[in-house]
Amino acid sequence: MQTDDNREWLDPRTALSRFSFDPGLLERPVTEEREIPRYGYRIGSFNLLVARGVNSEVMQLPAVSRIPSMPAHLRGIANIRGHLVPVMDLHHLLQTGRDGSREQRCLMIDSGAHVLAVLIDGYPVTVRLAEGMRSLTLPGVIGEHAAVRASAEGGLWIDLDHRALFRSLSAA
């Protein structure tokens, strides 16, 4: 291969075979664990965490079409980018009022068939978690699908298994 300045380039196979690989590199223990940031959001007086590896996006509250005879935690259905997405209001399940000092937003959680929108108070924040879990009782069905974690700053955050929670709610 030729370049503009007439230097010869190696073909990719030859170029890659010039590197020597230290097989012991993979056997060395990892000495420090990289902290993965978690994202948290507020619903009333509760702090909830977005699960690791789950997509999430904050948006303005879309137009929501109510569905008659649905439980209070199902606010309705919204058309988001051409997809019908259930909109959940967890304030009812957590038995907490809305935080009137913050603007209510919509947090899209997950993707594909698991996507749902949750009404949140304010914007999500980045959370650094301390090691271990706390034992606290949470109200209603949420308590069955959550563990309480402490942040490095000292606050308590609910690590919610949103898929299990919403599967349980849809079966009821």
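Readers should treat all values here as calculations from the given coordinates under stated rules, not as data from a laboratory. Just so we're clear, the structure is a prediction, and the values are computed from it rather than from any experiment. Counting neighbours? That spans all protein chains shown, and the Cβs are built from the backbone with ideal geometry, glycine included.
Mind checking which of Y41, A63, S111 is farthest towards the positive end of the range 38-171's charge dipole, using Cβ charges of +1 (Lys, Arg) and -1 (Asp, Glu) about the Cα centre?
Positive-most Cα among the choices belongs to A63.
What dipole magnitude, in Debye to the nearest 20, does the range 38-171 give about its Cα centre under +1 on Lys/Arg Cβ and -1 on Asp/Glu Cβ?
Details: 14 positive and 11 negative charges, 28 e Å.
Result for the range 38-171 is approximately 140 debye, rounded to the nearest 20.
Which net charge results when you count Lys and Arg as +1 and Asp and Glu as -1 among the other residues whose beta-carbon is under 10 Å from that of V87?
Numbers: positive: R66, R75; negative: D89.
Computed value for this residue: +1.
In sequence order, what are the phi-derived ³J(HN,Hα) couplings for the range 150-158 according to the Karplus relation 6.51 cos²θ - 1.76 cosθ + 1.60 with θ = phi - 60°, rounded to whole Hz, with x for glycine and proline?
Those phi angles translate into 9, 7, 5, 7, x, x, 9, 10, 8 Hz.
Testing the spin-label approximation: label points 7 Å from Cα along Cα→Cβ at E57 and V125. State their distance in nm.
So the two model labels end up 2.5 nm from each other.
Using the Cβ atoms and a cut-off under 11 Å, what net charge is assigned to the surroundings of S168, where Lys and Arg are +1 and Asp and Glu are -1? Show your work: numbers first, answer last.
Details: positive: R163, R167; negative: E144, D161.
Residues close to S168 contribute a combined charge of 0.
Can you tell me the FRET efficiency between M70 and L16 if r is taken as the Cβ-Cβ distance and R0 is 35 Å, rounded to the nearest 0.05? Walk me through the intermediate numbers first.
On the way: r = 58 Å, r/R0 = 1.67.
About 0.05, to the nearest 0.05.
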